[in-house]
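S.K.: There's a structure below that I have some questions on.
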Amino acid sequence: MCRCWNGVFHSPDLWRRFEFELNQPATSYLRSTHPDLIQQIIKRHAQHLQYVSFKVDSCTESAEAACDILSQLVNCSIKTLGLISTARPSFMDVSQAHFVSALTVVFVNSKSLSSIKIDDTPVDDPSLQVLVANNSNTLKFLKMSSCPHVSPAGILFVADQCHGLRELAMNYHLLSDKLLLALSSEKHVHLEHLRIDVVSENPGQTHFHTIQRSSWEALVQHSPKVNIVMYFFLYEEEFEPFFREETPVTHLYFGRAASKEMLGRIGLNCPRLVELVVCANSLEPLDEELILIAERCKSLTAIGLGECEVTCSGFVEFVKMCGGRLTQLSIMEEVLIPDSSYNMEQIHSEVSKHLGRKWSPDMMPTW
């Protein structure tokens, strides 16, 4: 290329944001970042990188290649780092020592990390300590769900030292009363977003601890606008410890079935609820539970129901109680059970009237 174009190509402003794509040709139709370009970046632009992500396929070789690149970023000032596996297992199949060694290079050299996404990786407590030692004043966002080598003590150490942390995403087994209290200390900024994934690893054998109501109250008192988001991937018999007392959750998503009892507890004990999505339940009419949620959850603005059952009368009553504040109402047509008051043709206009806009239930895809 000409000198002018070569100068433009190597302009530092062009290399502040970069996504490395690493896929194995034998297993993926996606293209990868060319090896020559990767070497150019490492040699000439590592110090310019600020917003970096690694997107890898499910192959261990791709994840190992990502670790090799990370380990060479010794002259970097990265602010945002994301490790993304398009399919499992990827990073989890990499040698833990190799992964931690590579990640530590960035943790030590950046010293200005503000956002880190390391879901489904073998990150561990010692590497988090290195992160905190070098980036405690800048870290604001940490997303690390499904990281089995991190202990509650490890995540508590992050919360204790990183007082600027505003968003945190993790698995429920890392959540503790001590962690919530650390996030509620006077030194800590107001937390804006807390995401908790509640996942059953061994159906029927997983034990879930209980969080004290006083710990939740301390968090909300310190950060009154915090969004507390919980994703549940449990079997019905595993819901026993949850929502027995008032819980300030704002967004609830059930990826598997949620029982009538569980939904009833949500109506009784989740007054801050804003959004509720239920993939399925045991196909028992949920009229009473929905009406209770409408009555007690005054901030509810969005609801979605999948493989559930609600009578048309019960559904109309629910919508009538919520009114126009329901900005999102996604219900499969198969959910609604016609009764003596409403058939499927009548419910469209009745629900639309109470919402203040035209509405119709979602249709099951034909494919």
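S.K.: Cβ contacts < 8 Å: first residue part of a helix (DSSP H, G or I), restricted to the range 138-155; second residue of a type in the set (S, T, N, Q), any location; separation 6+ or different chain. Result?
M.R.: P152/S176; G154/Q129
S.K.: A further question on this structure: Can you tell me which residues in the range 289-321 are within 28 Å of E217 (Cβ to Cβ) and either among the aliphatic types (A, V, I, L, M) or part of a helix (DSSP H, G or I) (or both)? Working first, answer last.
M.R.: Looking only at the range 289-321, we keep the residues that are within 28 Å of E217 (Cβ to Cβ), and these are 289-303, 321.
Hits for the range 289-321 are E289, L290, I291, L292, I293, A294, E295, R296, L300, A302, I303, M321.
S.K.: Could we say that L276 is surrounded by fewer than 17 Cβ atoms within 10 Å (Cβ to Cβ) and either free of Cβ contacts under 8 Å to residues at least 60 places away in the same chain or not in a strand (DSSP E or B) (or both) here? Steps first, answer last, please.
M.R.: Details: surrounded by fewer than 17 Cβ atoms within 10 Å (Cβ to Cβ): no; either free of Cβ contacts under 8 Å to residues at least 60 places away in the same chain or not in a strand (DSSP E or B) (or both): yes.
Considered against the rule, which asks whether it is surrounded by fewer than 17 Cβ atoms within 10 Å (Cβ to Cβ) and either free of Cβ contacts under 8 Å to residues at least 60 places away in the same chain or not in a strand (DSSP E or B) (or both), L276 comes out as no.
S.K.: Considering every residue within the range 153-175, establish whether at least one is of a type in the set (V, I, T), under 18 Å from T80 (Cβ atoms) and more than 17 Å from the chain's Cα centre (by Cα). Give the derivation first.
M.R.: First, pick out the residues of the range 153-175 that are of a type in the set (V, I, T): 155, 158.
Remaining after also requiring under 18 Å from T80 (Cβ atoms): 158.
Those still in the list that are more than 17 Å from the chain's Cα centre (by Cα) too: 158.
Yes - at least one qualifying residue is present in the range 153-175.
S.K.: Filtering the range 96-118 down to residues that are modelled with pLDDT of 95 or more and in a loop (DSSP other than H, G, I, E, B), which residue is surrounded by the fewest Cβ atoms within 10 Å (Cβ to Cβ)?
M.R.: S114
S.K.: Filter the range 121-140 down to residues that are under 18 Å from H188 (Cα atoms) and among the small types (G, A, S) and give me whichever is surrounded by the fewest Cβ atoms within 10 Å (Cβ to Cβ).
M.R.: Selected residue: A133.
S.K.: Would you confirm whether any residue within the range 169-179 is closer than 18 Å to L219 by Cα, among the aromatic types (F, W, Y), touching a helix residue (DSSP H, G or I) at 6+ places or on another chain (Cβ under 8 Å) and outside any loop (DSSP other than H, G, I, E, B)?
M.R.: No - not one qualifying residue is present in the range 169-179.
S.K.: Looking at (1) in contact with a helix residue (DSSP H, G or I) (Cβ under 8 Å, 6 or more places away or on another chain); (2) hydrophobic (A, V, I, L, M, F, W, C); (3) under 21 Å from W359 (Cβ atoms), can you tell me which one L263 breaks?
M.R.: All conditions are met except number (3).
S.K.: While we're here: Kindly provide the set of residues from the range 72-95 that are polar (S, T, N, Q) and surrounded by fewer than 16 Cβ atoms within 10 Å (Cβ to Cβ), ordered by number.
M.R.: Residues of the range 72-95 polar (S, T, N, Q): 72, 75, 77, 80, 85-86, 90, 95.
Of everything in the range 72-95, those that are polar (S, T, N, Q) and surrounded by fewer than 16 Cβ atoms within 10 Å (Cβ to Cβ) turn out to be N75, T86, S95.
The rows are residues; the columns are (1) surrounded by 15 or more Cβ atoms within 10 Å (Cβ to Cβ); (2) at pLDDT below 95; (3) small (G, A, S).
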site: T301; (1), (2), (3): yes, no, no
site: C308; (1), (2), (3): yes, yes, no
site: C312; (1), (2), (3): yes, yes, no
site: C322; (1), (2), (3): yes, yes, no
site: M332; (1), (2), (3): yes, yes, no
site: S340; (1), (2), (3): no, yes, yes
site: M344; (1), (2), (3): no, yes, no
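S.K.: Residues in the range 150-198 that are under 19 Å from R213 (Cα atoms) and of a type in the set (V, I, T): how many?
M.R.: The number of residues fulfilling the criteria is 2.
S.K.: Okay, next question. All but one of (1) β-branched (V, I, T); (2) touching a helix residue (DSSP H, G or I) at 6+ places or on another chain (Cβ under 8 Å); (3) surrounded by fewer than 17 Cβ atoms within 10 Å (Cβ to Cβ) hold for T327; state the number of the condition that does not hold.
M.R.: In the conditions (1) β-branched (V, I, T); (2) touching a helix residue (DSSP H, G or I) at 6+ places or on another chain (Cβ under 8 Å); (3) surrounded by fewer than 17 Cβ atoms within 10 Å (Cβ to Cβ), T327 misses (2) alone.
S.K.: Among the helices (runs of 4 or more DSSP H) confined wholly to the range 1-95, which include 1 or more residues that are more than 16 Å from I118 (Cβ to Cβ) and in contact with a strand residue (DSSP E or B) (Cβ under 6 Å, 6 or more places away or on another chain)? Break it down into steps so the answer makes sense when it comes.
M.R.: Values: elements: 3-9, 35-40, 60-71.
Correct list: 60-71.
S.K.: Among the candidates I228, I266, which residue alone is in a helix (DSSP H, G or I) and within 21 Å of Q328 (Cβ to Cβ)? Walk me through how you get there before you give the answer.
M.R.: Numbers: I228 fails: in a helix (DSSP H, G or I).
Step by step, each of I228, I266 is checked, and only I266 is in a helix (DSSP H, G or I) and within 21 Å of Q328 (Cβ to Cβ).
S.K.: Oh, and also: Considering only residues that are of a type in the set (D, E) and either over 24 Å from L283 (Cα atoms) or assigned to a helix (DSSP H, G or I) (or both), which ones fall in the range 322-367? Reasoning before the result, please.
M.R.: To start, the set of residues in the range 322-367 that are of a type in the set (D, E) comprises 333-334, 339, 345, 350, 362.
Within the range 322-367, E333, E334, E345, E350 meet the criteria.
The values are calculated or read from the model by the stated rules, or taken from the named source; none is laboratory data. Note that this is a predicted model, so its numbers are computed, not measured. All Cβ positions, even for glycine, are placed from backbone atoms using ideal geometry, and neighbour counts span all protein chains on display.
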